[in-house]
Structures are given as structure tokens and as C-alpha cells.
Amino acid sequence: MAAARKAPYRPKADKNTVTQVYSDGIVRIYNAKDEAPPGRKPMAALEFVATLCYAEKKLGIQRYYSARQNQIEVERVLRVPRIEGLHSQQVAITEDGSQYRIDLVQLAEGVMPPSWELTLAKVEQIFDGA
């Protein structure tokens, strides 16, 4: 006899939350750092932080135009599991090789497991060796 499917644990206060599925792809997160010797021309390099599965979210019109007012070209919004160490100005590279700058990290409300929403902006400088 097959075992019964067990629902994920939720605290009593969170009975109305939605279970988030991260099935749209994989994103690798990097810190951009300067590897040039002191006194030399800056040489940008990537330092690996994490590999995460993501769910692609719709880029809302309000988020799009708010970014345009600040001269930021928002390309995508990804929802990823909540981990420590994610912040703006990091570099996100998707499985197709596209590179983005993380412009904003926001808490996603009403989903389980706890998640972040990453607003990804177009990058001016493409990094090598990722």
C-alpha cells in the first residue's frame, strides 16, 4: 500500500499561505569584487555566493515605471527561497547565460517556504569567467 501524501508543515497562523514552487529555472548569485593589485586599474571578478531555483514573476507596470523614473531598466523579477547573504548590487546569472544586476531584494508575502523577490536590472558590464 502506498504511503499517504504528507502536506508541508505550516504554523497555525499561516494556514492561508500558498506553497511556492520554484520550477522555472536556476540562477547563480555572485558578488562583484575588484581583483586588481593595489594601485592598478580595477579588474572586476565574480565571487560565487549561491545557486538557487527560481519562479519567474510578472513584471508589474508600477514596478516597471518606478524603475524607469530612476533610470533603471528592469528586465525580470524572480522569486527564490530565502537565504542569508542576498542583497542588491550582486550579479545574477541564469542558466541561459544572461547576466543581471540585483537591483532590489524584497520579502515575498503569503508564500511558504519563506521567499525573496529579486528585481533584476540590465547590466552595463558583462563579467567573464562565470
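Which of the residues that make up the range 47-90 are among the hydrophobic types (A, V, I, L, M, F, W, C) and closer than 17 Å to Ser23 by Cβ? Break it down stepwise before answering.
From the range 47-90, those among the hydrophobic types (A, V, I, L, M, F, W, C) are 48-50, 52-53, 55, 59, 61, 67, 72, 74, 77-78, 80, 83, 86; that's our starting set.
Selection gives Leu52, Cys53, Ala55, Val77, Leu78, Val80.
What strands (runs of 3 or more DSSP E), lying completely within the range 60-127, carry at least 1 residues that are among the small types (Gly, Ala, Ser) and closer than 14 Å to Ile29 by Cβ?
On the way: elements: 74-81, 91-94, 99-108, 115-122.
Because the criterion is at least 1 residues that are among the small types (Gly, Ala, Ser) and closer than 14 Å to Ile29 by Cβ, the strands (runs of 3 or more DSSP E) in the range 60-127 that meet it are 91-94.
Here are some residues: Glu47, Glu56. Which one is surrounded by fewer than 13 Cβ atoms within 10 Å (Cβ to Cβ) and at pLDDT 85 or above? Working first, answer last.
On the way: Glu56 fails: surrounded by fewer than 13 Cβ atoms within 10 Å (Cβ to Cβ).
Answer to the check: Glu47.
Can you spot a residue in the range 51-68 that is over 16 Å from the mean Cα position of the chain (by Cα), over 25 Å from Glu109 (Cβ atoms) and not hydroxyl-bearing (Ser, Thr, Tyr)? Working first, answer last.
Applying the first criterion (over 16 Å from the mean Cα position of the chain (by Cα)) to the range 51-68 yields 60-62, 64-68.
Of the ones still in play, those that are also over 25 Å from Glu109 (Cβ atoms) are none.
No.
When the residues of the range 91-125 are filtered to those that are polar (S, T, N, Q) and surrounded by fewer than 19 Cβ atoms within 10 Å (Cβ to Cβ), which remaining residue is farthest from Thr17 (Cα to Cα)?
So the first thing to find is which residues in the range 91-125 are polar (S, T, N, Q), and the list is 94, 98-99, 106, 115, 119, 125.
Cutting the leftovers down to surrounded by fewer than 19 Cβ atoms within 10 Å (Cβ to Cβ) gives us 94, 98-99, 106, 125.
Details: Thr94: 28, Ser98: 32, Gln99: 32, Gln106: 17, Gln125: 39 Å.
Among them, the one singled out is Gln125.
Mind checking which residues of the range 18-53 are aliphatic (A, V, I, L, M), under 16 Å from Glu117 (Cα atoms), out of contact with any Leu (no Cβ under 8 Å at 6 or more places or on another chain) and in a strand (DSSP E or B)? Please lay out each step first, then the result.
Our first condition is that a residue be aliphatic (A, V, I, L, M); within the range 18-53, this holds for 18, 21, 26-27, 29, 32, 36, 43-46, 49-50, 52.
Now drop any that are not under 16 Å from Glu117 (Cα atoms), which leaves 18, 21, 26-27, 29, 50, 52.
Applying the additional criterion that residues be out of contact with any Leu (no Cβ under 8 Å at 6 or more places or on another chain) yields 18, 21, 52.
Across the range 18-53, the qualifying residues are Val18, Leu52.
The values are calculated or read from the model by the stated rules, or taken from the named source; none is laboratory data. Quick caveat: nothing in here was measured; it's all calculated off a predicted structure. Glycine gets a Cβ as well: all are built from the backbone with ideal geometry, and neighbour counts include every protein chain shown.
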